[in-house]
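One structure is given below, encoded as structure tokens.
The values are calculated or read from the model by the stated rules, or taken from the named source; none is laboratory data. Here the structure is a predicted model, which means the values were calculated and not measured. No Cβ is skipped: glycine too gets one built from the backbone with ideal geometry, and neighbour counts run over all protein chains shown.
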Amino acid sequence: MISKFITGLFKHIDSVLLACILFAMLVGLLVLFSASGQQLSRVSAQMINMAVALVAMWAVANVQPQHIERIAIPAYILGVLLLIAVALFGDISHGARRWLNIGITKIQPSELLKLAAPIMLAWYFSKRESNLTALDFIIGAVILMVPVLLIMKQPDLGTAMLVTASGFYVIFLAGLSWRFILGGVVLVGALSPIFWSLLHDYQRRRIEILIDPTQDPLGSGYHIIQSTIAIGSGGVAGKGWLNGTQTQLDFLPERTTDFIFAVFGEEFGLIGNILLLTLFAIIIGRGFYIASQAKSTFSRLLAGSIAMTFFTYCFVNMGMVSGILPVVGVPLPLISYGGTSMLTLGLGFGLLMSIQTHKKLVAAG
Amino acid sequence: MAYSAELRNHLNEQHNFRVRLTIAALLALIAFGALGLRFYYLQIQRHDYYHTLAESNRISIVPISPNRGLILDRNGIVLAHNFFVYTLEVTPSKVSNMDTTIANLSELVEISMVDLKRFKKLKAESHSFESVPIRTHLNEIEAAKFAVNRYRFPGVELKSRLYRHYPQGKLGTHAIGYISRINEKDLAKLKEDNVISNYKGTDHIGKGGVEQAYERELHGSTGFQQVEINADGKAVRVLSSAAPTSGNNVVLSIDAKLQAIAEKAFGDRRGSLVAIQPSTGEVLGFVSMPTFDPNLFVDGIDYDNWNALNNSIDKPLINRTLKGIYPPGSTFKPFVALAGLEAGKREPPYSIQDAGYFTLPNSRHRYRDWKPSGHGSVDMRKAITISCDTFFYGLAMELGIERLTDFVRHFGFGQKTGLDIHGEVSGLLPTPEWKKRRFKQPWYMGETVIVGIGQGYTLVTPMQLAYATATLANQGTAIRPHIVNAVVNSKTNVVTPIARTVLDKLNLKSQNLDIVKAGMVDVTLPGGTAASVGANAGYSIAAKTGTAQVIGIKQNEKYNEHSINERHRDHALFIAYAPAEAPKIALAVIVENGGHGGSAAGPIARKVMDYYLLGKEPAEEIAPNAVVPPPNSPANNAAETHAEEEHYD
């Protein structure tokens, strides 16, 4: 009875993904312990975040993809409305309006859009499946750009970029014509001066400093300089857990959140970095596999988008910490401290598992 | 058909999706590959570089400056020492608004105009990243007040610094020197000497006197602490350390009490005194008046004090003893006398009939004696005693300039004495070659004549005069003079005495020495030019008075001390050694514009000798700058009987 109950409990859990996720979480806790100056309170808080994320994952995994399809429109509309509410009534902190106080707690609606936007687009393109025209892609672009513009206005470049990416992956996988893509690249190139002029000063500065961090070694360049020093000084085998001097002596800024990868790179070296890259690659690969095996267009598009978005997280974060991408506020998935991003990840993995484990049902249906 | 079309569509769509998915996977793979390459580049190719950067981030070398050695007088009286004081220091580069910071700061602790001026001067002289004191010597309450409000003042720090202090104030500053902040010139010198690394963490360096000359002994060696620091620059732990070694203590030959008595005896007058122990070369007193308070320089001197010192007409900053050059006047005569005697000239019973002037053969120019009526019959001994110019005019002419200068050079004239502190000048002993080089003119006989009485081109420093006197007292054996007697190793307490160095040794006939000595002893006896100085001494003093002209007196013009500007009055000179039969002290005194050597400079010498030989200290009620001697003093009694010495020798 009990074993049957347990089997039932894990019926919709993808064991490969789960193993990788748990392993990554374990690594994350170890690195966080080191990065936080060996504060167990930080680690236990993160364990709660992880537990919540895992429960959310389990719950979503048990929901059929069809049911998810059904909430696509309400979730999207809710998300956009919340973003508008943020723009109107949001709390300002650090010069940005990102949070909405809903009485019991503060929420960050932009985070919701990371999933709501691709779900909405996947739903739209699955509905239009066989007769996709150029108009569909324009409508898709509009669906995506509404929340993205609202997020950019906050401003939150990192999240806007990730939402754009997650939506774009759906459109791309849905079969957006190469001509459009090439045209888009040309258009972005042509519009980049205008885009540049729309950026906030600090955002421009970040891009300038990426090109030459020594411009401002004590200001905005400091993050990149210190994180590359941390990674570079780690060498092949790293300085050892809890022994990273850049980390332990506070030279690394934001080392429990966005720059936690520098802690990892310093203490575990190139070997650790390659192993972590491999672990992420397996998760992404598993996501691709689930997408390729999915039986409905909605599932396919959504699974592919989630896998690619997860990849984007990893790439953008490690790229910025190692100094090849500008500093945008993107955490390292499963490793960086933070409840919201962990929950979003849990929901995303839950969606992947749902798609993977409800295939037969779909096929039968 | 419709079904199959839909199926085909579906399959087609699935195929397209797989193509797209493969492309996405490839892109992801390429991106991860790029990251891998980036890690390889950072962690293997550039590892050494980043390793170095990380190490320099975390490791800081903190110099620990050593305690500067003490300076003590010959009896152990402290002349320079160190103590801890709280200072408030500002690092200009870390302060955004200097004026506001200073304004807010002065609400907490008092910052005077003097502090502010000094701060501005130091700030202008320092780099912006160096911390500059704005207030020194904070008391406990002020320090605590600032500590509580520290967070309000980024870039302002409370430091505890070891400060140099000269407890005797102005006493002997020209001998002791002082320390002040290292400037660009000092830095260049330290670099040149390859000792710059030993000065990390040291802000001050010796300037002048023993502080400068014995800088290497006094400074000690800087210790280092290799500390691990965090991003805030706070030391987390010490990785390794090497303790500093304190500077060695320096014991002077100077007798602080003697020095004080001498300085007091000068009063407001300008001048110099050097007292030497003839047999050892130990400098017992080294006076240059006026002197100044070296403590002013330790914090960095403020504008007002600096201007006052630098622009004073009395030039207190000039070390007269080493740099002041004066015509020796009649104090030169004993040396000329010895030159003559050693050359076989003027041996007793030779004497002249002095009519009050001397003329060269075939010339009508009169070289006048200080006594217009002449001294009558004068032999060598009397010539010294009464300072007969006529006698020495003739002797100098007969000796000739070369023979004369060659001889007296053995007494150190015209060259540095080799004293162990810096800045000495060599004076001038004129020769025909020198004149040719300097003026492209031939030497005239008349110039030889006036060298015989210490006039003309001849110039001496007070140090040289004292050295020559000590050499004479030491019967022609010249000992290198030194202000430092010994260096005491701070670690081992091993005392390294400064070696006694014989610089020159003249084989003088004792009967010649005896004649000169007898003449000099007579100087301080009734009938001599400084009879008042020797009166009631209780020991015999061999001495010679001298007067050096400040302005030229024309032929047939009469010098009147009272009718001319005080600054144009003659300099008073006096040399002496005592006790004459076994000299323990030799000295030279110059009182600028003091008039006559016997009355102005002699009493100062007497006070010093009384202290040194008899342990007698001048009574406190005697005002140090009183020119008038107290009743019952030997000077008063003598003045009556030897009125002539009041005029001119």
Test: residue in segment B:98-107 that is within 14 Å of chain A (Cβ to nearest Cβ) and buried (at least 17 other Cβ atoms within 10 Å of the Cβ): no
Matching residues, segment A:295-307, being within 19 Å of residue A:18 (Cα to Cα), at the interface with chain B (Cβ under 9 Å from one of its Cβ atoms) and among the hydrophobic types (A, V, I, L, M, F, W, C): A:307
Qualifying residue in segment B:40-54 (condition: out of contact with any Cys (no Cβ under 8 Å at 6 or more places or on another chain), outside any strand (DSSP E or B), more than 7 Å from every other protein chain (Cβ to nearest Cβ) and within 30 Å of residue B:484 (Cβ to Cβ)): no
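When you scan segment A:179-187, do you find a residue that is touching a helix residue (DSSP H, G or I) at 6+ places or on another chain (Cβ under 7 Å), part of a helix (DSSP H, G or I) and within 14 Å of another protein chain (Cβ to nearest Cβ), even just one?
For segment A:179-187, residues touching a helix residue (DSSP H, G or I) at 6+ places or on another chain (Cβ under 7 Å), part of a helix (DSSP H, G or I) and within 14 Å of another protein chain (Cβ to nearest Cβ): present.
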Residue list for segment A:291-320, restricted to those being within 23 Å of residue A:255 (Cα to Cα) and of a type in the set (A, V, I, L, M): A:316, A:318, A:320
Failed condition for residue B:413, given (1) of a type in the set (Phe, Trp, Tyr); (2) touching a Leu at 6+ places or on another chain (Cβ under 7 Å); (3) surrounded by fewer than 22 Cβ atoms within 10 Å (Cβ to Cβ): (3)
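Residue-by-condition table, conditions (1) over 28 Å from residue B:572 (Cβ atoms); (2) in contact with a helix residue (DSSP H, G or I) (Cβ under 6 Å, 6 or more places away or on another chain):
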| position | (1), (2) |
| --- | --- |
| B:452 | no, yes |
| B:468 | no, yes |
| B:472 | no, no |
| B:482 | no, no |
| B:489 | yes, no |
| B:521 | no, no |
Residues of segment B:55-78 classified as at pLDDT 90 or above, surrounded by fewer than 16 Cβ atoms within 10 Å (Cβ to Cβ) and more than 14 Å from every other protein chain (Cβ to nearest Cβ), total: 3
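Condition check ((1) farther than 23 Å from residue A:310 by Cα; (2) in a loop (DSSP other than H, G, I, E, B); (3) touching a Ser or Thr at 6+ places or on another chain (Cβ under 7 Å)) across all residues:
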| position | (1), (2), (3) |
| --- | --- |
| A:74 | yes, no, no |
| A:78 | yes, no, no |
| A:84 | yes, no, no |
| A:97 | yes, no, no |
| A:100 | yes, no, no |
| A:111 | no, no, yes |
| A:119 | no, no, no |
| A:124 | no, no, no |
Any hit, segment B:105-119, residues being in the same structural domain as residue B:184 (by TED's automatic domain parsing), out of contact with any helix residue (DSSP H, G or I) (no Cβ under 6 Å at 6 or more places or on another chain), in contact (Cβ under 8 Å) with a residue 24 or more places away in the chain and aromatic (Phe, Trp, Tyr): yes
Members of segment A:1-26 that are among the β-branched types (Val, Ile, Thr) and either in a loop (DSSP other than H, G, I, E, B) or in contact with a strand residue (DSSP E or B) (Cβ under 8 Å, 6 or more places away or on another chain) (or both): A:13
Condition check for residue A:142: within 25 Å of residue A:204 (Cα to Cα), part of a helix (DSSP H, G or I) and of a type in the set (Val, Ile, Thr): no
Options B:404, B:419: the member that is surrounded by 15 or more Cβ atoms within 10 Å (Cβ to Cβ) and part of a helix (DSSP H, G or I): B:404
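Mind checking which residues of segment A:247-272 are part of a loop (DSSP other than H, G, I, E, B), of a type outside the set (S, T, N, Q) and either touching a His at 6+ places or on another chain (Cβ under 7 Å) or more than 10 Å from chain B (Cβ to nearest Cβ) (or both)?
Residues satisfying the conditions are A:253, A:254, A:255, A:258, A:259.
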The one condition in (1) facing another protein chain (nearest Cβ under 10 Å); (2) in contact (Cβ under 8 Å) with a residue 12 or more places away in the chain that residue A:278 fails to fulfil: (2)
Cross-chain or 6+ apart pairs with Cβ under 9 Å, segment B:263-286 first and on the phi > 0 side of the Ramachandran plot, then modelled with pLDDT of 95 or more and aromatic (Phe, Trp, Tyr): B:281/B:467
Single unsatisfied condition, residue A:342 versus (1) more than 14 Å from chain B (Cβ to nearest Cβ); (2) modelled with pLDDT under 90: (2)
Those residues of segment B:561-578 which are over 19 Å from residue B:312 (Cα atoms) and modelled with pLDDT under 75, in sequence order: B:561, B:562, B:563, B:564
Cβ-Cβ under 9 Å pairs, at least 6 apart or on other chains, segment A:1-12 side at pLDDT 85 or above, far side in a loop (DSSP other than H, G, I, E, B): A:11/A:62; A:12/A:62; A:12/A:63; A:12/A:358
Tally of residues being closer than 24 Å to residue B:608 by Cα and either at pLDDT below 90 or assigned to a helix (DSSP H, G or I) (or both) across segment B:213-272: 11
Qualifying position, being within 10 Å of the chain's Cα centre (by Cα), free of Cβ contacts under 8 Å to residues at least 40 places away in the same chain and either within 10 Å of chain B (Cβ to nearest Cβ) or within 24 Å of residue A:69 (Cβ to Cβ) (or both), among A:310, A:288: A:310
Residue list for segment B:316-352, filter: under 30 Å from the mean Cα position of the chain (by Cα) and of a type in the set (A, V, I, L, M, F, W, C): B:317, B:318, B:322, B:325, B:332, B:335
